[in-house]
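Here is the structure we will look at.
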Amino acid sequence: MKRKEFIKGTAATTALLSLGGITSLAFKPENRKKITILHTNDVHSHIEAFKPDAGRNANLGGIARRATIIENIRRENPNTLLLDAGDIFQGTPYFNFYGGELEFKLMSMLKYDAATIGNHDFDNGIEGLYAQLPHAQFPFISSNYDFSNTIMDGKTKDYKTFEKDGIKIGVFGLGIELDGLVGKKLYKETQYLDPIEIATDMSQKLKHEKNCDLVICLSHLGFKYNGKQISDVKLAQATQDIDLIIGGHTHTFLEKPAIITNKAGEKVLINQVGCYGLYLGKLDFYFENKKKTGAEGVKISVK
């Protein structure tokens, strides 16, 4: 799944963001460290690129093209994490035929570091999700689904920490409420826990007990709603220890990361790159002496 040339002219959008009151990234001291976060969401079993006659999606996407982009970014900066915000399953005949096996195998080949669980990942039932886990050589992080009385008990992690170039990164995951969205017979006794309460606990643990320099929430809650439903925006506003929310579910194509003020008056980034693997999200976080000094957000067209 390698191509000879790295993608050029990606029509990417870059956002220069201010974190911790430092607004300039022009000055580059020797002790600056850069951590790159790559992410996808709602790929929905789209293995191949869209055909030339696919309208606005023409010639976009495809696992092979994504692999080439990721490989080149990792070559540029080995201090890179690759994450997915759920809804890996459902959307093409590949899922109908293979039941998710191919998706997990290919993500493993791309060396995903972690993923969370979306509502469509239950489309073959909780047993169908469980059956495909041996093909996933990466952990599933799900903090607010209690699988205690199901076949998935013990098969997910509440959180996971990574270390890149001395920078400690904590990741936890949140899923959307399944009741009313997914048939009860598909998710069985899975219990949905309040995402704001869980996020508060998880982010506090990662930031202050595990001493993480960067805390990431992998969310399949949805970017924003008009009603009272918990979204990424409401989550950011109601918590205080999250640095980045990587979103999914609403298929929201953000041109640049959204910047939300949290309950402590600090900035939280939210990013989501639509659906179907059309784009790859890329965020670069900069640190000096383990303190965040800035970030750049890029949306890369997979073509």
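Observations on the model:
- Simple spin-label estimate for residue 71 and residue 204 gives 4.6 nm between the two label positions (7 Å along the Cα-to-Cβ direction from each Cα).
- Note on region 144-290: Cα Rg divided by 2.2 N^0.38 Å, N the number of residues, gives 1.06.
- Considering all different alpha carbon pairs of region 31-171, the Kirkwood hydrodynamic radius works out to 16.2 Å.
- Here the residues 87, 194, 113, ranked from fewest to most Cβ neighbours within 10 Å of their Cβ, fall in the order 194, 113, 87.
- Over all directions, the projected convex hull of the C-alpha atoms in region 48-91 averages 4.1 nm² in area.
- Applied to region 45-58, the Karplus parametrisation 6.51 cos²θ - 1.76 cosθ + 1.60 on θ = phi - 60° returns per-residue 3J(HN,Hα) values of 6, 7, 7, 9, 5, 5, 6, x, 9, 8, x, 5, 9, 3 Hz, with x for Gly and Pro.
- Point-to-point label distance, residue 193-residue 264, nm (Cα→Cβ direction, 7 Å offset): 2.1 nm
- The packing ranking of peptides 154-161, 296-303, 238-245, highest mean first, is 238-245, 296-303, 154-161, where packing means the average number of other beta carbon atoms within 10 angstrom of each residue.
- Think of the chain as having a plus end and a minus end, set by charges on the Cβ of Lys, Arg, Asp and Glu; of 130, 242, 231, 242 sits farthest toward the positive end of this dipole.
- Unit Cα scatterers, Debye sum, region 204-303: log10 I(q)/I(0) for q = 0.16, 0.20 Å⁻¹: -0.70, -1.04
- Cα centre as origin, Lys/Arg/Asp/Glu Cβ charges: the chain dipole, Debye: 1100 debye
- Label-reachable residues, region 187-209, where backbone N falls under 17 Å from a point 7 Å from residue 290's Cα toward its Cβ: 204-209
- Within the chain, helix-based [θ] at 222 nm, where runs of 4 or more DSSP H residues each add -39,500 (n - 2.57), nearest 500: -5000 deg cm²/dmol
- Calculated from backbone phi, Karplus (6.51, -1.76, 1.60) coupling profile of region 287-303 in Hz, x at Gly/Pro: 10, 10, 6, 6, 10, 4, 10, x, 7, 10, x, 10, 9, 9, 6, 8, 8
- FRET efficiency, residue 211 to residue 98 (Cβ-Cβ, R0 51 Å, nearest 0.05): 0.80
- Taking every DSSP bridge with both residues inside the chain, close to 60 percent are antiparallel.
- Backbone phi angles across region 230-244, fed through the Karplus curve with coefficients 6.51, -1.76 and 1.60 (θ = phi - 60°), yield HN-Hα couplings of 5, 10, 4, 5, 5, 4, 4, 5, 9, 10, 9, 10, 9, 9, 9 Hz in residue order; Gly and Pro are listed as x.
- Residues of region 133-160 with amide N under 12 Å of a point placed 7 Å along Cα→Cβ from residue 229: none
- Residue-span extension gain [residue 59 to residue 137] - 0.36 nm each, minus C-alpha spacing: 25.2 nm
- Area projected by the alpha carbon convex hull of the chain, averaged over all directions, nm²: 15.5 nm²
Taken together, the values in this text are just the output of simple stated rules run on the coordinates, not laboratory data. Please read these numbers as outputs of a predicted model, since none were measured by experiment. So basically every Cβ, Gly included, is an ideal-geometry build from the backbone, and we count neighbours across all protein chains shown.
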